[in-house]
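For reference, the structure is listed below as structure tokens.
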Amino acid sequence: MKTHFYLFFIVALFICAPNVSLAQSETCGQTPKDRIMLIGDSWANFMWTYRSMAEALRKNGFADIKEDGNFTAIISMQAETWASDGWKDLLDGRIRTSTEDVFVIFIGGNDVMWKWRPGKTIEDLKPYTDEMLYYTDQIIDIIFKHRPNAQVVIGSYDYPNFAETMIGNEWNPYYSQWEKFGFVAPEVLNPLLIDFETYRENYPRYKNNPNIHYINNMGVAQYYGGYPTASLFPPYATFPPKAVKLPYGDTRYPTHPSYMGLAGYDAYHFNGKGYQFIAHNMIRNYIGDYFRQQIYNYSFHSTGKQDGWVSSNGIVNQGNGGKIGKVNSEQFAGIFSFNTDFPEGVTIDKGALYLARKSGLGQLRNNENVVDRLTVEMKVGNFGTSADIDPADFSDNADFVTTGCIVGVPNGDEYKFRVDLNQDVLDAIASSKRVQFRVKVDFGPNSANMTYFEYFGGNTEDKYWAPTLDLRMSDVPTPVGVKDQSVMPLSIYPNPVNDVLNFDIPLEFRKSGVSATIINSIGEIVKSWDNVGVKNQVREQVSVTDLPAGVYHISMTDGYQIRNGSIVIQR
């Protein structure tokens, strides 16, 4: 959005910008790949400058992916400016020669919200919004010209903080803008921003194109950061992280000053931490799933009941997540269990394990002198004498001492690391009914007496943090009576499923509606439905709670073309 920085503010930006570096061990010794391009105004620029997207990628298990905003994320830009000849040519050249396949766009605040004045409504701003959307379409057209299969992510803004950054600070360069806004309280300005974003969210091109994804970030900083000091406006209160609901949070509050830029004096932009909240929200709500679903078609959560930890002293804790590290001389190993009862003939050619830290003390060392290493082992069936955790689990021999390449480190709460699994491990998973992973730390010399991390288990309420096993099955047995699986596949999720199945309706089917069937392994149609005549439907949900566990085939048609897919139902 619009910026009028004094020289002091520009200098302070570079002083305050965090220095983010990726340790080699976080990426398996490989150079991170450019997969995300940031495009737009100052929100894109600061996210790039602070490397907030890079840190959020690390947090979500993608330390081997990075973003780029060079020449495409620029302060004060408007959609109209990007669509002008010179800037459009620059953008065209950058996209044509880049390797990115995800394009995150922040645009529209300068074009629309900066023009609001007291007495105006969102209806008064719609002409500016329509013009902004028209020019944004030209940006998107350039992307699809060079990347027809690109994923375009439209990021919303979050709440500014004019009120608390301005009171007593008439020298602030945003003071004149707050004056133009009529010195309004957050409860007036925030709903206007929501109205603007709602109008944009419902823009037909965004709703009807499966490659364009609008992400609502309203209230994200409130949700993840809370409001740690009392607001200067009613209700004059505080609240902890995750106390408000997403989207929208509490419209009576702005974003807290501790997440605003330039030590809390920037009314319109966040600092690095604030933009990490925004980047994490976008990764969690679409970008992360895209990176995973490009490769994996089945995703399992751990059982939860048999997740836990065992210590070298024989102490056992089950059902409360894992613990790794040591306290004095006592060491801890986390145990994570997955039910993997596949039909015969399944081939798995790619897979990854994701584990997320819940809390901890200390950090793993990674420098030229000392390296503390995570070790991830696997046992077909279970460690020890049973699937339940027992003292023998700590030292029982593993079937696989090295399960794969570890991406990321557990040096922050709610940070994931990923294990890209070796093929021999995947082959064992395909032919087993249960596997258990054991996670320890191999400490280097002179380690601290207390360095340990507690990990989320499968019974955590927020399943995003639960231990997850992603698998790609390249050979799934074809149910009897299904002749052709070579047609274009359906996008189905979650898969495996135990309650509600979601799938995206292919773009070419949306003009006329669809008919669909689910077929069991002996060729019987066990469920069917149709939405013929229902136009422009993007997604469908179907309950499968009445179907037994097993592998099923799903087929969808608009009467002319067919899309097929396979699902696994777990109980």
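Shape call for the range 491-569 from the C-alpha gyration tensor, a ≥ b ≥ c root eigenvalues: rounded (a/c under 1.5), prolate (a/b greater than b/c) or oblate?
Prolate is the answer for the range 491-569, as a/c is 1.5 or above and a/b outweighs b/c.
Explain nothing, just the number: relative contact order of the range 298-475, from Cα pairs under 8 Å at least 6 residues apart, as a whole percent.
39
How would you rank 441-449, 460-468, highest first, on the average number of other Cβ atoms within 10 Å across their residues?
460-468, 441-449
Quick query: amide H of ARG35 versus all other amide H atoms, modeled in the peptide plane; which residues come in under 5 Å with a sequence gap of 5 or more or a different chain?
Those lying under 5 Å, H to H, from ARG35 are LYS66.
Using the basic label-point model (7 angstrom from Cα toward the beta carbon), what is the THR347 to LYS273 distance in nanometres?
5.1
If packing is taken as the mean number of other Cβ atoms within 10 Å per residue, what is the order of 167-177, 54-64, 205-215, highest first?
Ranking, from highest mean packing down: 54-64, 205-215, 167-177.
Step through the residues of the range 260-271 one at a time and calculate ³J(HN,Hα) from phi using the Karplus curve (6.51 cos²θ - 1.76 cosθ + 1.60, θ = phi - 60°), rounding each to whole Hz and writing x for Gly and Pro.
Once θ is set to phi - 60°, the couplings for the range 260-271 become 8, x, 6, 6, x, 9, 8, 6, 10, 10, 8, 8 Hz.
Give a residue-ordered list of calculated ³J(HN,Hα) values for the range 60-73 (Karplus: 6.51 cos²θ - 1.76 cosθ + 1.60, θ = phi - 60°; whole Hz; x for Gly, Pro).
The phi angles translate into 9, x, 10, 5, 8, 10, 9, 10, 9, x, 4, 6, 10, 10 Hz.
Determine, for ARG438, ARG200, the number of other Cβ atoms within 10 Å of each Cβ, and report the residues in order from fewest to most.
Least to most surrounded, the residues fall as ARG200, ARG438.
Could you compute the FRET efficiency for SER98 and ASN313, with r as their C-beta to C-beta distance and R0 at 60 Å, rounded to 0.05?
Efficiency for this residue pair is about 0.65.
So for each of 424-436, 121-133 I average, over its residues, the number of other beta carbons within 10 Å; can you give me the resulting order with the highest mean first?
The densest-packed peptide leads the list: 424-436, 121-133.
Cut-off under 12 Å on the C-alpha distance; same-chain residues fewer than 8 positions from LYS273 excluded. Which aspartates and glutamates are left, in chain and number order?
Qualifying aspartates and glutamates at Cα under 12 Å: GLU55.
With 27 Å as the limit, write out which pairs from LYS33/LYS416; LYS88/LYS245; LYS59/LYS350; LYS242/LYS463 have Cα-Cα distances beyond it, or answer none.
Checking Cα-Cα distances, LYS88/LYS245 exceed 27 Å.
Quick check: from the Cα gyration tensor, does the chain come out rounded (a/c under 1.5), prolate or oblate?
It comes out oblate by the Cα gyration axes.
Under unit Cβ charges (Lys, Arg +1; Asp, Glu -1), what dipole magnitude, rounded to 20 debye, does the range 298-475 have relative to its Cα centre?
320
Using 7 Å Cα-to-Cβ label points, what is the TYR464/ASN369 separation (nm, one decimal)?
3.9
Between LYS145 and SER447, how high is the FRET efficiency from 1/(1 + (r/R0)^6) when r is the Cβ-Cβ distance and R₀ = 41 Å? Nearest 0.05.
It comes to 0.15.
Quick check for me: using +1 on Lys/Arg Cβ and -1 on Asp/Glu Cβ, what's the dipole size of the range 491-569 about its Cα centre, in debye to the nearest 20?
For the range 491-569, the charge dipole is close to 220 debye.
Let me have the 222 nm mean residue ellipticity of the chain computed from DSSP H runs of 4+ only, each contributing -39500 (n - 2.57), with the sum over all residues rounded to the nearest 500.
-6500 deg cm²/dmol
Can you give me the relative contact order of the range 491-569 as a percent, contacts being Cα pairs under 8 Å and 6 or more apart?
Rounded, it is 36 percent for the range 491-569.
Based on the alpha-carbon gyration tensor of the range 282-328 and its eigenvalue square roots a ≥ b ≥ c, which shape applies: rounded if a/c is under 1.5, prolate if not and a/b is larger than b/c, or oblate?
prolate
Identify, among SER359, GLY108, GLY226, the residue whose Cα sits farthest towards the positive end of the charge dipole of the chain, taking +1 on the Cβ of Lys and Arg and -1 on the Cβ of Asp and Glu, with the dipole about the Cα centre.
Farthest towards the positive end: GLY226.
Residue by residue, what Karplus-based ³J(HN,Hα) values in Hz, rounded to whole numbers, does the range 443-456 have, using 6.51, -1.76 and 1.60 with θ = phi - 60° and x for Gly and Pro?
7, x, x, 6, 6, 5, 6, 9, 9, 8, 9, 9, 10, 4
Out of residues 5 or more away from TYR214 or on other chains, whose amide H comes under 5 Å of its own, with H placed 1.01 Å from N in the peptide plane?
ILE154
Using label points projected 7 Å from each Cα along Cα→Cβ, tell me how many nm separate TYR175 and LYS433, to one decimal.
Using points 7 Å along Cα→Cβ, the separation is 7.5 nm.
List the residues, sorted by chain then number, that are 5 or more residues from TYR452 or on another chain and whose placed amide H is less than 5 Å from its amide H.
LYS326, LEU361
Which value, in debye to the nearest 20, gives the size of the charge dipole of the chain about its Cα centre, when Lys and Arg are +1 and Asp and Glu are -1 at the Cβ?
180
Every number here is computed from the coordinates shown, using simple stated rules; none is lab data. Only a predicted model underlies this, so the values are computations on that prediction, with no experimental measurement involved. Every residue, glycine among them, receives a Cβ derived from its backbone with ideal geometry; neighbour counts consider all protein chains shown.
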